Amino acid sequence: MAGPKPTRVSNRIRELRAERGVTQADLAETLGVTRQTVIAIEQGRYSPSRELAFQTARALGVRLDEVFTYRADETP
Amino acid sequence: MTFTERYTWAGLVIAVVTFVTYWVVILVRAGTSGRLLVDVDWQGPLLWALIVGGGLYALTLLVLWLGVRGHAHTDARDHEIERYATASGGGITALAVLATLVMLALGAPTFWTAMVLFTGSFLGSLASIGVTLVAYRRGF
């Protein structure tokens, strides 16, 4: 979707999923959310709660800051 | 498209169709009878609009729910968007209720009092629906 993203938080979920052969549906099931929510997070259309962010990092087997990055210099 | 987004789209269509149909019926009645809007029999069409619109919405919700029951179909994101949208549309609806109370206190015609509440509630719902759909499409 065109237009600015509503968050300055970017993430590497898609890349980390691909490395591990995890589908969006798999990750959604692990996290207990819908696949649409995983898609929205990946595309930067939704900032997950801290708890969900930590769960995502754990599900992908990495630290939180290896998944999510805050870019203060970008306009949201 | 999520379960919540689907029933929000359904709610938009049903709300608009119901509201427009009601006003078409009232305007046609006023036009054919040559009476002023306040003198038209509006109670029947309004009740039918509420019953048919509410019934259709409930039925749609049931059909959509039957399609996803047993599966996780809502999550924290849906709930956050719902809370945000409710707060956005609630202001308009509250304003309509306030205006209705003032009109009742001032003894305004029943027709216009009812229409302020009906239209205000419709606009409040429309605002909530708009905020919900934008949140799903553009991000939240």
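The values are calculated or read from the model by the stated rules, or taken from the named source; none is laboratory data. Note that the structure is a prediction, hence the values are computed from the model and not measured. Note that we place each Cβ from the backbone using ideal geometry, even for glycine, and neighbour counts take in every protein chain shown. The protein model used for the area step is the full one, side chains on, heavy atoms only, and it has no ligands, DNA or RNA in it. Shrake-Rupley method; radii C 1.70, N 1.55, O 1.52, S 1.80 Å.
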Quick check on B:Val63: is it surrounded by 15 or more Cβ atoms within 10 Å (Cβ to Cβ) and away from chain A (no Cβ under 14 Å)? no
Go through region B:68-97 residue by residue and tally those that are away from chain A (no Cβ under 14 Å), in a helix (DSSP H, G or I) and farther than 24 Å from A:Arg50 by Cα. 10
In region A:2-15, which residues are within 10 Å of the chain's Cα centre (by Cα) and either within 14 Å of chain B (Cβ to nearest Cβ) or open to solvent by less than 60 Å² (accessible area, probe 1.4 Å) (or both)? A:Val9, A:Ser10, A:Asn11, A:Ile13
Hey, among the residues in region B:77-104 that are open to solvent by less than 50 Å² (accessible area, probe 1.4 Å) and among the small types (Gly, Ala, Ser), which one's farthest from the chain's Cα centre (by Cα)? B:Ala99
Go through the residues of region B:38-47 one by one and say whether even a single one is farther than 19 Å from B:Gly130 by Cα, open to solvent by less than 40 Å² (accessible area, probe 1.4 Å) and outside any helix (DSSP H, G or I). yes
Members of region A:19-67 found to be within 14 Å of chain B (Cβ to nearest Cβ), part of a loop (DSSP other than H, G, I, E, B) and of a type in the set (S, T, N, Q), listed by number: A:Thr34, A:Gln43, A:Ser47, A:Ser49
How many of the residues making up region B:113-129 are crowded, with 19+ Cβ neighbours inside 10 Å, over 23 Å from B:Tyr84 (Cβ atoms) and either under 10 Å from the mean Cα position of the chain (by Cα) or aromatic (Phe, Trp, Tyr) (or both)? 1
Can you say whether B:Leu50 is under 17 Å from B:Ile14 (Cβ atoms), away from chain A (no Cβ under 14 Å), out of contact with any Pro (no Cβ under 9 Å at 6 or more places or on another chain) and of a type outside the set (Gly, Ala, Ser), as far as the supplied structure shows? yes
Pairing a residue in region B:123-140 that is facing chain A (nearest Cβ under 10 Å) with any residue that is assigned to a loop (DSSP other than H, G, I, E, B) and of a type in the set (Lys, Arg), where Cβ atoms lie under 8 Å and the two sit 6 or more apart in sequence or on different chains, gives B:Arg138/A:Arg45; B:Gly139/A:Lys5; B:Gly139/A:Arg45; B:Phe140/A:Arg45
